[in-house]
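Every read-out reported here was derived from the displayed coordinates using simple, explicitly stated rules and does not represent laboratory data. Quick caveat: nothing in here was measured; it's all calculated off a predicted structure. Heads up, the Cβs are rebuilt from the backbone with ideal geometry, glycines too, and the neighbour counts pull from every protein chain shown.
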Amino acid sequence: MVSLANAGVRVQNGRMTSDSPARAVPAPAEPGPRDLDRLLDSIRVAARSRSHGNHPFGAVLTDAAGTVLLEAENTVVTTGDATGHAETNLVRLASRDYTPAELDSCTLYTSCEPCAMCAGAIYWAGIGRVVYALAEAELYAITGANPENPTMRLPCREVFAAGQRPTVVSGPAEVLAAEARAVHDGFWV
């Protein structure tokens, strides 16, 4: 059995801390031209999710060549499962269908910045890259205090930076801001 101390972890003031140096949180990077079509795909999946009675979020997984492997929509309302976010649904499928080595070379495209839960799922699955259209802060400005979307105000870059392996993040896609916001129009009122 490994003790916390031997693992470089200690408890200080009731909180676990690590001896490992924290990685710096990278500055936001705009998605490249190759990413825009897949981001539009994720926004279309978000619109489909909304048409199915769910929250308007969508995610798409591609391989290193950009070939779409999987799509997933939010299912929180129809399943009654609070963890039914588009990205987490996609991670569940991807983890079953692909090896960790394959996932490391994949990109997850999402209509909105992954929440802390989804970022954790993406990290644990080992997906190597995340690209998002709309920043979580902007989503918060749209949803406000709506109880169906209690935004944590924790950027995904901070979640990934706390991990032991890198996850490359690009977003928000300012050029697609109008499209990314439009799928939410009138939903959170």
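A few points about this structure:
- Proximal charge balance of E174 [Cβ under 12 Å; K/R count +1, D/E count -1]: -2
- Value of [θ]222 nm, deg cm²/dmol, for the chain, DSSP H segments ≥ 4, -39500 (n - 2.57) each, nearest 500: -10500 deg cm²/dmol
- For the chain, the longest principal axis of the Cα atoms and the long axis of helix 116-125 meet at an angle of about 70 degrees.
- Residue among Y98, H55, V159 farthest towards the positive dipole end of the chain, charges placed on Cβ: V159
- Within the stretch 27-182, antiparallel bridges make up roughly 55 percent of the DSSP beta bridges whose residues both belong there.
- Charge dipole (Cα centre; +1 on Lys/Arg Cβ, -1 on Asp/Glu Cβ; no other charges) of the stretch 27-182 amounts to roughly 140 debye.
- Entry for the stretch 149-189 at q = 0.15, 0.23, 0.26 Å⁻¹: log10 I(q)/I(0) = -0.57, -0.93, -0.98, Debye formula applied to identical alpha-carbon scatterers, no solvent contribution.
- Surface/4 estimate of mean projected area, convex hull on alpha-carbon atoms of the stretch 27-90, nm²: 4.9
- For q = 0.09 Å⁻¹, Debye-computed log10 I/I(0) when each Cα of the stretch 48-189 counts as one equal scatterer: -0.24
- Under 5 Å from the amide H of C112 lie the amide H atoms of G58, A133, L134, each residue being 5 or more positions distant or on a separate chain, with H modelled from the backbone and absent for Pro and chain starts.
- Rounded if a/c under 1.5, otherwise prolate or oblate - the stretch 92-131, Cα gyration tensor axes: prolate
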